[in-house]
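Each remark here refers to the structure printed beneath this line.
The values are calculated or read from the model by the stated rules, or taken from the named source; none is laboratory data. Everything quoted here is computed from the prediction, not taken from an experiment. Using ideal geometry, Cβ is built from the backbone for each residue, glycine included, and neighbour counts are taken over all protein chains shown. Each accessible area value is taken on the protein alone, full model and side chains, heavy atoms only, with ligands, DNA and RNA left out. Shrake-Rupley method; radii C 1.70, N 1.55, O 1.52, S 1.80 Å.
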Amino acid sequence: MLEQPEAQGGVGLTTPVVLIIFNRPELVQQVWQVLRTVRPSRLFIIADGPRLDHPEDVALCAACRAIVEQVDWPCQVKREYAAQNVTCGMRVATGLDWVFAQVEEAIILEDDILPDPSFFDFCQTLLVRYRNDEQTLGIGGYNLLGSWRAHEGSYFFHRHPVTWGWATWRRAWNCFDYSLDRYRTWNVQERLRASLSNAAIADYYWDLFQHFNPLLTDAWDIQWTLICHLLRMRWISPSINLVTNLGFEPNATHTAMADDLRGLIKRGRIALPLCTPGDSTFEQIDEQFDDWVFRLQTLNSYRDIRRVHLWQRALETNPDLGMPGVFRGGRPMLAPLGKPAELLTILDYVTPLMTDNPRLHRMKADLAALVAHP
């Protein structure tokens with residue numbers, strides 16, 4: 001049975017919204033149009049500065065900043081603009097430190113994340129509902145499987161943070177550590193195994209932690225994910241995907257593949273008011289979701305499924321075999337190929353929820369061939 005929470009009474013978007021921009025004015029313009037529609041009453045804008053070895057950044061960064069100067073609704077705006085480039089990972093981390101020194105909670109968008117307007121009501125409602133729940137690290141708007149448990153309620157809980165359009169509280173962000181130094185004295189491997197019942201996923205994150213170097217990794221979300229698992233916290237995701245990542249292009253920092261499966265998931269709209277099942281098991285961790293997402297993300301990283309499968313089979317018989325271009329810690333990424341039929345089941349599930357793409361069909365054909373001729 002579904003319980004209908006009370007509507008918010010049309011109070012509007014009072015939760016502070018954070019927009020992080022850099023040098024892509026065509027994407028900023030699209031996201032800005034959505035913000036003009038939902039009209040947040042408080043807005044924080046974080047901008048990275050131009051790179052010294054990219055002279056074109058000067059004009060592009062200026063164009064992005066000009067767009068977000070056009071605030072034509074009642075709104076308190078604060079801006080923190082870097083004069084020079086401090087890198088993607090550090091700019092997000094220091095920018096959010098600045099935000100959460102001033103507010104208790106916020107909704108966060110990067111310049112390539114295009115949300116459905118219902119995303120903001122979704123986040124605002126759940127920020128209030130779980131404000132004092134120390135087990136919950138944050139709320140995301142992206143659902144990699146497109147739709148999940150939609151017949152049961154508007155959202156569900158799992159372990160893996162997804163920060164393509166998200167929201168959190170100061171109390172949660174206080175756990176963040178860019179270098180992970182405060183967690184290096186912990187028994188990380190033991191904590192990950194206790195937090196993650198899937199051994200392959202626990203091994204993957206243990207290897208990720210061992211090889212993580214803040215001086216070489218231009219990221220902040222890797223640390224955020226590891227911290228969530230180390231603290232055994234949980235994440236809220238919508239039962240229907242609410243955002244599209246527009247940034248899959250060759251010039252992107254982390255999403256350079258135009259045919260990346262994560263960019264093919266269709267965006268939907270969540271019904272309001274949100275529905276919360278009355279079942280007492282509703283707030284338990286959905287381990288199947290995390291398992292399927294892990295398998296789908298690893299599958300998405302393979303550019304040649306059949307060749308990678310040969311390596312996976314070889315490693316089964318010779319675990320010490322060297323892999324060109326892959327550090328030893330990357331081997332858990334091959335584990336899902338041990339069960340190609342399960343990967344094919346996941347692709348069959350998400351296909352109707354994705355934009356059609358030739359790569360998707362090639363992957364399904366390759367997996368079907370592995371199932372037929374193991």
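Observations on the structure shown:
- Unique residue being modelled with pLDDT under 95 and open to solvent by 70 Å² or more (accessible area, probe 1.4 Å) when the list is 356, 348, 366: 356
- Contact annotation: residue pairs with Cβ atoms under 6 Å, 6 or more positions apart or on different chains, pairing a residue in region 353-374 that is within 22 Å of residue 143 (Cβ to Cβ) with a partner that is open to solvent by 50 Å² or more (accessible area, probe 1.4 Å), are 353/266.
- Any chance residue 262 is farther than 24 Å from residue 196 by Cβ, among the basic types (Lys, Arg) and under 15 Å from the mean Cα position of the chain (by Cα): no
- Residue match in region 71-82 (condition: open to solvent by 20 Å² or more (accessible area, probe 1.4 Å), basic (Lys, Arg), touching a residue at least 24 places away in the same chain (Cβ under 8 Å) and over 16 Å from residue 14 (Cα atoms)): yes
- The strands (runs of 3 or more DSSP E) found wholly in region 67-161 and carrying at least 2 residues that are of a type in the set (Lys, Arg) occupy 76-81.
- Scanning region 37-70 for residues that are of a type in the set (Val, Ile, Thr) and touching a residue at least 40 places away in the same chain (Cβ under 8 Å) yields 37, 38, 46, 67, 68.
- Within region 209-243, the residues that satisfy the criterion of being charged (D, E, K, R) and under 25 Å from residue 353 (Cβ atoms) are 221, 234.
Quick grid of which residues meet (1) more than 16 Å from residue 105 (Cβ to Cβ); (2) surrounded by 23 or more Cβ atoms within 10 Å (Cβ to Cβ); (3) among the basic types (Lys, Arg):
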site	(1), (2), (3)
18	no, yes, no
24	yes, no, yes
29	yes, no, no
33	yes, no, no
36	yes, no, yes
40	no, yes, no
43	no, no, no
49	yes, no, no
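- Once region 114-171 is narrowed to residues that are more than 21 Å from residue 40 (Cβ to Cβ) and among the hydrophobic types (A, V, I, L, M, F, W, C), the residue that is surrounded by the most Cβ atoms within 10 Å (Cβ to Cβ) is 137.
- Region 83-98, subset among the polar types (S, T, N, Q) and surrounded by 15 or more Cβ atoms within 10 Å (Cβ to Cβ), residue nearest to residue 176 (Cα to Cα): 94
- Within region 295-321, being of a type outside the set (D, E, K, R) and open to solvent by 20 Å² or more (accessible area, probe 1.4 Å) holds for 297, 301, 308, 310, 311, 314, 315, 317, 318, 319, 321.
- Residue within region 66-88 that is closer than 17 Å to residue 168 by Cβ and under 24 Å from the mean Cα position of the chain (by Cα) present: no
- Picking from residues in region 262-289 that are in a loop (DSSP other than H, G, I, E, B) and of a type in the set (Ser, Thr, Tyr), the one that is least open to solvent (accessible area, probe 1.4 Å) is 281.
- Looking only at region 121-178, residues that are charged (D, E, K, R) and under 16 Å from the mean Cα position of the chain (by Cα) come to 1 in all.
- Scanning region 180-222 for residues that are open to solvent by 40 Å² or more (accessible area, probe 1.4 Å) and of a type in the set (Val, Ile, Thr), we see that the one that is nearest to the chain's Cα centre (by Cα) is 222.
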